[in-house]
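Please read the structure below before turning to the comments.
Computed from the coordinates by the stated procedures, all read-outs in this text should not be read as laboratory data. Keep in mind that what you see is a predicted model, and the values were worked out from it rather than measured. Note that we place each Cβ from the backbone using ideal geometry, even for glycine, and neighbour counts take in every protein chain shown.
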Amino acid sequence: MTEPDYTDDGVPTFDYVRDKIEGRHLTTEAAAELTGDPRNTQDQFDRREEAGRDRLEEIRRSLRGD
């Protein structure tokens, strides 16, 4: 008998995989928040966004010849 989260061939469904990933992500965020971990997911996202903006500006400057 197969579980409802799997196809008849035994392959996990997209919804099942997505739910597992989201659950792990939320668990990681909650643990980081509870421990005061500075490597919090939002901090990482903010740093990557800033680095991306900086790199984009650098590329734009090089294209303008600055």
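Taking segment 13-66, which trypsin sites (Lys or Arg not before Pro) meet the DSSP loop condition and have no more than 16 other C-beta atoms within 10 Å?
Passing both the DSSP loop test and the Cβ count: 39.
Once the Cα atoms of helix 41-64 and of the chain are each reduced to a long axis, what angle between those two axes, in degrees from 0 to 90 to the nearest 10, is obtained?
For helix 41-64, the angle is close to 40 degrees.
Per residue, how big is the convex hull around the C-alpha atoms of the chain? Give it to me in cubic angstrom, could you?
Each residue corresponds to 119 Å³ of Cα convex hull volume.
Specify the angular offset, from 0 to 90 degrees and rounded to the nearest 10, of the alpha carbon long axis of helix 14-35 from the longest principal axis of the alpha carbons in the chain.
60 degrees
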